[in-house]
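Visitor: Input: one structure, supplied below.
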Amino acid sequence: MATTIKLEGEVRDEFGKGAARRMRVAKQIPATIYAGGENPVFVKLPMKETTLSLRHTNALFSIAFGGESKLAVVKDVQRNPVKRIVEHIDFYEVKAGEKIDVEVPVFVEGTPKGVAVAFVDVQELKVRADVANLPEKIVVNVDGLTDGTKVLLKDVVLPEGVELDMDDLEESVVTVEVPEDATESTAAPEAAADAAAAPADAAAAPAADAK
């Protein structure tokens, strides 16, 4: 479920590349909080704490600044293409008790039967949930599933309070199948065993004729 992260920020009144550089030197990240039709709020956040917090998917943020605070979720993160440091964050303000749509990554757990492997067909699912109950991930259990099994969208078990917001319930989310290389590696020993048995069978044939 959603992790609520508290950040202590400051009101931002400087803009442009020069201001952004000064903030980076001061170990701060510029950010903007959008709120529907209202004017956006510009803040600057502590670099280390904010960067670490972005590891949590669909986290709920409580951002304090200038004597007030807002609840928000991450809308977009801009990173330096080379250094990969966070250069700017867009947040979207939410209200307690509000339900929103988010995309949640799909993970698998368990071991399929034999040499079969689970392949994730849909990397993210779109769901709707309360802002205080946003899932970080959706887990599909593939333990014991056999080659050719498909876990469809309608079969996915969602966390309590989370609703699926996708249309095609027959879409495959996870497919379990035996990879081609696994089939070939299994066939190779069998072929070798057949080849080894062939000379023995050939030698037995003349002996039978001699009788």
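Visitor: May I ask you to give the percent of accessible area on segment 100-182 that is carbon plus sulfur, with a probe radius of 1.4 Å? Could the numbers behind the result be given before it?
Guide: Working: 2150 of 4600 Å².
That fraction is 47 percent.
Visitor: Counting only pairs 8 or more places apart or on different chains, how many lysine pairs in segment 40-189 have C-alpha atoms closer than 23 Å?
Guide: 26
Visitor: Rounded if a/c is under 1.5, else prolate if a/b beats b/c, else oblate: with a ≥ b ≥ c from the C-alpha gyration tensor eigenvalues square-rooted, which is segment 87-142?
Guide: prolate
Visitor: Rounded to the nearest 20 Debye, what is the dipole magnitude of segment 4-94 about its Cα centre when Lys and Arg each give +1 and Asp and Glu each give -1 at the C-beta?
Guide: Approximately 600 debye in magnitude.
Visitor: Determine the principal axes of the Cα atoms in segment 4-94, then give the extent along each, sorted from largest to smallest and rounded to whole angstroms.
Guide: If we take the Cα atoms of segment 4-94, the spans are 32, 28, 22 Å.
The values are calculated or read from the model by the stated rules, or taken from the named source; none is laboratory data. If you're wondering where the values come from, they're calculated on a predicted model, not measured in any experiment. All Cβ positions, even for glycine, are placed from backbone atoms using ideal geometry, and neighbour counts span all protein chains on display. Heads up: the accessible areas ignore ligands, DNA and RNA and are worked out on the full protein's heavy atoms, side chains in. Shrake-Rupley method; radii C 1.70, N 1.55, O 1.52, S 1.80 Å.
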